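Trainee: Can you read through this structure? Questions will come right after.
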């Protein structure tokens, strides 16, 4: 057929463009999920590391000469105490090297739960020198604050409950 022009029709161009757009949207959404999952994994590891340090401090407090006998056993009163105290064993290392970055907040931001045996206090910290208002409080737990966005993990559980 002489004189017939070759090329794409408008309908073909629109369909191909729509398929490319759909594919890029799926890829973008998948990349967001993978990124959030990676942040959640880093946060889970940071929480496990800090909670393990709290537990070790409590266990070692029986042997720690810096803690008065009447206070034994106890959890640390501040994060600084957890960072600056060495384990009371030969060649003991520090409980924590540093306060971990909260990957969900993009900064050092954690929620501490303090207890003195009769009451509890919640404190959101952004550095190692933050302390409870009540000096008798000790740190019994550390969590992700409820101010991070998104507030819920991919598993449907709010980060503050991890």
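The values are calculated or read from the model by the stated rules, or taken from the named source; none is laboratory data. Keep in mind that this is a model prediction, so the values were computed, not measured. Backbone-built Cβ (ideal geometry, glycine too); neighbour counts: all protein chains shown.
Trainee: Select from the range 89-110 the residues that are within 16 Å of residue 52 (Cα to Cα) and surrounded by fewer than 19 Cβ atoms within 10 Å (Cβ to Cβ) and write down the one among them that is nearest to the chain's Cα centre (by Cα).
Mentor: Here the answer is 100.
Trainee: If you don't mind, another one. Please go through the range 134-145 and give me each residue that is in a loop (DSSP other than H, G, I, E, B) and within 11 Å of residue 77 (Cα to Cα), ordered by number. Spell out how you get there, then give the answer.
Mentor: In the first step, residues of the range 134-145 are kept if they are in a loop (DSSP other than H, G, I, E, B); the result is 134-137, 144-145.
Result: 134, 135, 136, 137.
Trainee: Which residue out of 148, 129 is modelled with pLDDT under 90, exposed (fewer than 15 other Cβ atoms within 10 Å of the Cβ) and assigned to a loop (DSSP other than H, G, I, E, B)?
Mentor: Within the list 148, 129, the selection yields 129.
Trainee: For the range 39-46, does any single residue satisfy the condition of being surrounded by 18 or more Cβ atoms within 10 Å (Cβ to Cβ), closer than 25 Å to residue 136 by Cβ, touching a helix residue (DSSP H, G or I) at 6+ places or on another chain (Cβ under 9 Å) and touching a residue at least 60 places away in the same chain (Cβ under 8 Å)?
Mentor: No, the range 39-46 contains no residue that is surrounded by 18 or more Cβ atoms within 10 Å (Cβ to Cβ), closer than 25 Å to residue 136 by Cβ, touching a helix residue (DSSP H, G or I) at 6+ places or on another chain (Cβ under 9 Å) and touching a residue at least 60 places away in the same chain (Cβ under 8 Å).
Trainee: Among the residues of the range 69-113 satisfying the criterion of being touching a strand residue (DSSP E or B) at 6+ places or on another chain (Cβ under 6 Å) and either part of a loop (DSSP other than H, G, I, E, B) or more than 16 Å from residue 47 (Cα to Cα) (or both), which is modelled with the lowest pLDDT?
Mentor: Restricting to residues being touching a strand residue (DSSP E or B) at 6+ places or on another chain (Cβ under 6 Å) and either part of a loop (DSSP other than H, G, I, E, B) or more than 16 Å from residue 47 (Cα to Cα) (or both), the top hit is 92.
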